[in-house]
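Peer 1: Here you go, one structure.
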Amino acid sequence: MLHRLWRGWRSVAVVSIGALALTACASADGQGSGDSANAGGAYAIGYVGDRAGEGDPVDGGVVTYGSYGFPATLDPTKTLMAGSTGGTELAAIYDTLVRYDFEKSQYVPQLAAGLESSDDGQTWTVTLRDGARFSDGTPVDSAAVKWSLDRYVAAKRDVAQVWTNSVAGVETPDAKTVVIRLQRPWTDFPVLLAAGPGVIVAPSSEASGSFTPIGAGPFTVTRFAPNEVLELAPRADYVGGKPRLAGLRFVPTANAQGMFESIRSGELNAGYLYRNTEVIDSAIDAGLEGYRDLQGLGAIGMINQREGRPGADVRVRRAIALGIDPEALNQRVNGGKGPAGSAMFPEGSKWHNEDVQGVTYDPDQARELLSQAKADGYNGKLTYVAINEEASRQGALAAQAALNSIGFDVEVAYANSVTDLTRRVYVDRDFDIARSGASLIDAAPLLRLYGSLGSTSSNNAAGYNSPEMDALLVKLQTAGSDDAKQTAIDDIQKLAEETVPYAVWAPTAVYTAWTPKLHGANVSIDNVVLFDEAWMER
């Protein structure tokens, strides 16, 4: 028997939350939309602004969007499907099979027409839309979708490994049907169809031997100049109907303050405000609407625990975690303007538990553990690697001072670029500590938890390897209710406190902001903004 989760095109009613309940809301009613960034000390997650009374849609207007991480390529196997790194741009060109509706806490149709689950949540059937076509005129059929899925998974980027570890096979019984069989039950599987795997690329995109951005999304590329601008035009033949906007324009933007000022001045209509809660609060106070998010594990100290490294000794890892005060780092790096704390899921998260707070600052205990390790022959030396830019330098120097004060001997090694730092950490594994971030998705915590904790994850650069943690990740994946997920998440946090896969320093605040004149924009997984239904007041 199949359970019909939804069917049809947007106007269809979606079933009750049930086993698919995924929510990024902190409020008791399921969606925080208040106008205070700190409700009872918690950073309220949810839409800001009046989405119910947006008026009558009109055609026209070009939206200029300030990108935080401007994509270097439009190939979804090379650009991370996240709001901070080009995901909004990808979604406009290619669309996603589903999107997550944060107001309903459910997945709803986007490019697909329907999704059905078997009783045990182990077989998922995707029904495709009649008349859906790529921008080159070829049909979006099951063969094309499977080709795109296979291409994404073969690239082994981002959540591709979660797909490989979860999916047993993909079948195409007819042109409109894709059947996905899982290795184990997973009621939250649709998140992958809203993320990277669900970004559907036309098979013709590789016909010339090099990649061409051909998708089934509401817009098509008219100009792409890396590090400068991406311009998109609406598609009259988009399966959801021609977008009302006359175009989309994406430009790289230096920082949160500059982006906020550009939106207020009208130079930008929307943008991705990242980390700086003072700017985010100012944007909300100034009347900018949007979606406010808080992502756990936004700033972590990745500790290399591979054989031969100091971090292979859990006492050293615990000493590092205990010896650095997250709030002191926040003061040094952000001037105290950002959130800080050692909980994997911070206050404001759906999964926050006051009784599970992580490794809290305790320099005396850190000294004791370090003394024990030194008594067994450890010399106290550590290499902290960081990119050679101001915020990273300040963070590295603050960590160095804190650790040296309890008896470590920390050398800071600077990389000249993000590429160099990535190579040193993820390829050469030549580091003891590196500032990083996992940016948990509250609506789908497994994705990034597996990435940072799974023993087989390619993103696990620190070499953390715990069969017990792997079992807990499977427990989270197969949990069929929010209560079961909460239990698994609490167990994961408790084991992380014991084994210290990394030092947790702060969550990350995000505000995808737009002018009050922009209406109909929808935010999906990982703060990706969808503009297919958007319109601008004239």
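Peer 1: Take the residues in segment 387-402 that are under 17 Å from residue 431 (Cβ atoms) and modelled with pLDDT of 95 or more; name whichever of them is surrounded by the most Cβ atoms within 10 Å (Cβ to Cβ).
Peer 2: For segment 387-402, the residue satisfying everything is 399.
Peer 1: For residue 405, state whether it is in contact with a helix residue (DSSP H, G or I) (Cβ under 8 Å, 6 or more places away or on another chain), surrounded by fewer than 15 Cβ atoms within 10 Å (Cβ to Cβ) and closer than 29 Å to residue 362 by Cβ.
Peer 2: yes
Peer 1: Quick check on segment 410-418. Is at least one of its residues assigned to a loop (DSSP other than H, G, I, E, B), buried (at least 17 other Cβ atoms within 10 Å of the Cβ), touching a helix residue (DSSP H, G or I) at 6+ places or on another chain (Cβ under 6 Å) and modelled with pLDDT of 95 or more? So that I can check it myself, show each step before the final result.
Peer 2: Narrowing segment 410-418 to residues assigned to a loop (DSSP other than H, G, I, E, B): 416-417.
Restricting the remaining residues to those that are buried (at least 17 other Cβ atoms within 10 Å of the Cβ) gives none.
Checking segment 410-418: not a single residue is assigned to a loop (DSSP other than H, G, I, E, B), buried (at least 17 other Cβ atoms within 10 Å of the Cβ), touching a helix residue (DSSP H, G or I) at 6+ places or on another chain (Cβ under 6 Å) and modelled with pLDDT of 95 or more.
Peer 1: State whether one or more residues within segment 458-479 are of a type in the set (A, V, I, L, M, F, W, C) and within 16 Å of the chain's Cα centre (by Cα). I'd like the intermediate steps shown before the answer.
Peer 2: First, pick out the residues of segment 458-479 that are of a type in the set (A, V, I, L, M, F, W, C): 461-462, 469, 471-474, 476, 479.
Filter once more, so that each one left must be within 16 Å of the chain's Cα centre (by Cα): none.
There is no residue in segment 458-479 that is of a type in the set (A, V, I, L, M, F, W, C) and within 16 Å of the chain's Cα centre (by Cα).
Peer 1: Kindly list the number of the only condition in (1) assigned to a helix (DSSP H, G or I); (2) within 30 Å of residue 279 (Cα to Cα) that fails for residue 373.
Peer 2: (2)
Peer 1: Pick out the one residue from 162, 178 that is among the β-branched types (Val, Ile, Thr), crowded, with 19+ Cβ neighbours inside 10 Å, in the same structural domain as residue 200 (by TED's automatic domain parsing) and closer than 15 Å to residue 194 by Cα. Show your work before the answer.
Peer 2: Numbers: 178 fails: closer than 15 Å to residue 194 by Cα.
Answer to the check: 162.
Peer 1: With the requirement that a residue be over 28 Å from residue 113 (Cα atoms), assigned to a loop (DSSP other than H, G, I, E, B) and at pLDDT 95 or above, what does segment 221-244 give you?
Peer 2: Passing the criteria: only 228.
Peer 1: Same structure, new question: Just one of 184, 223, 235 is surrounded by fewer than 20 Cβ atoms within 10 Å (Cβ to Cβ) and closer than 30 Å to residue 520 by Cβ; which is it? Step through it out loud before you land on a result.
Peer 2: Details: 184 fails: closer than 30 Å to residue 520 by Cβ; 235 fails: surrounded by fewer than 20 Cβ atoms within 10 Å (Cβ to Cβ).
Every option except 223 fails the conditions.
Peer 1: Hey, another quick one. Any residue in segment 47-60 that is assigned to a strand (DSSP E or B) and either farther than 17 Å from residue 442 by Cβ or of a type in the set (Gly, Ala, Ser) (or both)?
Peer 2: No, because not a single residue in segment 47-60 is assigned to a strand (DSSP E or B) and either farther than 17 Å from residue 442 by Cβ or of a type in the set (Gly, Ala, Ser) (or both).
Peer 1: Further, regarding this structure: Among the residues of segment 233-260, write down those that are hydrophobic (A, V, I, L, M, F, W, C) and either touching a residue at least 12 places away in the same chain (Cβ under 8 Å) or touching a helix residue (DSSP H, G or I) at 6+ places or on another chain (Cβ under 8 Å) (or both).
Peer 2: Hits for segment 233-260 are 233, 239, 245, 246, 248, 250, 251, 256, 259, 260.
Peer 1: Scan (1) under 21 Å from residue 391 (Cβ atoms); (2) modelled with pLDDT under 95; (3) touching a Ser or Thr at 6+ places or on another chain (Cβ under 7 Å); (4) of a type outside the set (Gly, Ala, Ser) for the single condition residue 360 breaks and write down its number.
Peer 2: (1)
Peer 1: Could we say that residue 135 is surrounded by fewer than 20 Cβ atoms within 10 Å (Cβ to Cβ) and of a type in the set (S, T, N, Q) here?
Peer 2: Details: surrounded by fewer than 20 Cβ atoms within 10 Å (Cβ to Cβ): no; of a type in the set (S, T, N, Q): yes.
For residue 135, the condition - surrounded by fewer than 20 Cβ atoms within 10 Å (Cβ to Cβ) and of a type in the set (S, T, N, Q) - is not met.
Peer 1: Here's something else I'd like to know. (1) more than 17 Å from residue 94 (Cα to Cα); (2) crowded, with 19+ Cβ neighbours inside 10 Å: which one isn't true of residue 172, the others all being true?
Peer 2: (2)
Peer 1: I'm checking my understanding of the structure. Among residues of segment 101-153 that are out of contact with any Lys or Arg (no Cβ under 6 Å at 6 or more places or on another chain) and among the acidic types (Asp, Glu), which one is farthest from residue 442 (Cα to Cα)?
Peer 2: Here the answer is 136.
Peer 1: Name the single residue, out of those in segment 235-285 being among the charged types (D, E, K, R) and more than 23 Å from the chain's Cα centre (by Cα), that is farthest from residue 217 (Cα to Cα). Show your work before the answer.
Peer 2: Step one: of segment 235-285, the residues among the charged types (D, E, K, R) are 235, 237, 242, 244, 249, 261, 264, 267, 275, 278, 281, 285.
Still in the list and also more than 23 Å from the chain's Cα centre (by Cα): 235, 237, 242, 244, 261, 264, 267, 285.
Values: 235: 8, 237: 10, 242: 10, 244: 14, 261: 30, 264: 29, 267: 26, 285: 34 Å.
Checked segment 235-285; the qualifying residue farthest from residue 217 (Cα to Cα) is 285.
Peer 1: Identify, by number, the condition in (1) within 25 Å of residue 179 (Cα to Cα); (2) buried (at least 22 other Cβ atoms within 10 Å of the Cβ) that residue 86 doesn't meet.
Peer 2: (1) is the only condition that residue 86 fails.
Peer 1: Is there a residue being in contact (Cβ under 8 Å) with a residue 60 or more places away in the chain, under 35 Å from the mean Cα position of the chain (by Cα), part of a helix (DSSP H, G or I) and over 22 Å from residue 312 (Cβ atoms) anywhere in segment 385-396?
Peer 2: Yes: segment 385-396 contains one or more residues that are in contact (Cβ under 8 Å) with a residue 60 or more places away in the chain, under 35 Å from the mean Cα position of the chain (by Cα), part of a helix (DSSP H, G or I) and over 22 Å from residue 312 (Cβ atoms).
Peer 1: Condition first: in contact with a Ser or Thr (Cβ under 7 Å, 6 or more places away or on another chain) and farther than 20 Å from residue 70 by Cβ. Now tell me which residues in segment 257-290 satisfy that.
Peer 2: Hit for segment 257-290 is 288, nothing else.
Peer 1: Looking for whichever is at pLDDT 95 or above and either within 26 Å of the chain's Cα centre (by Cα) or in the same structural domain as residue 52 (by TED's automatic domain parsing) (or both) here; the options are 288, 382, 322, 329. Which one fits?
Peer 2: Testing whether each residue is at pLDDT 95 or above and either within 26 Å of the chain's Cα centre (by Cα) or in the same structural domain as residue 52 (by TED's automatic domain parsing) (or both) leaves just 288.
Peer 1: Any idea which residue in segment 438-457 is farthest from residue 80 (Cα to Cα), counting only those that are assigned to a loop (DSSP other than H, G, I, E, B) and over 13 Å from the mean Cα position of the chain (by Cα)? It would help to see each step written out before you state the result.
Peer 2: If we filter segment 438-457 for residues that are assigned to a loop (DSSP other than H, G, I, E, B), which is where we start, we get 438-444, 454-457.
Applying the additional criterion that residues be over 13 Å from the mean Cα position of the chain (by Cα) yields 454-457.
Details: 454: 19, 455: 21, 456: 20, 457: 16 Å.
Here the answer is 455.
Peer 1: Moving on to the next point. Would you point out the residue of segment 434-459, among those that are of a type in the set (S, T, N, Q) and farther than 13 Å from residue 297 by Cβ, that is surrounded by the fewest Cβ atoms within 10 Å (Cβ to Cβ)?
Peer 2: Restricting to residues being of a type in the set (S, T, N, Q) and farther than 13 Å from residue 297 by Cβ, the top hit is 456.
The values are calculated or read from the model by the stated rules, or taken from the named source; none is laboratory data. Remember, it's a predicted structure, so these values are computed and weren't measured experimentally. When we count neighbours, we look across all protein chains shown, and the Cβ atoms used for this are built from the backbone with ideal geometry, even at glycine.
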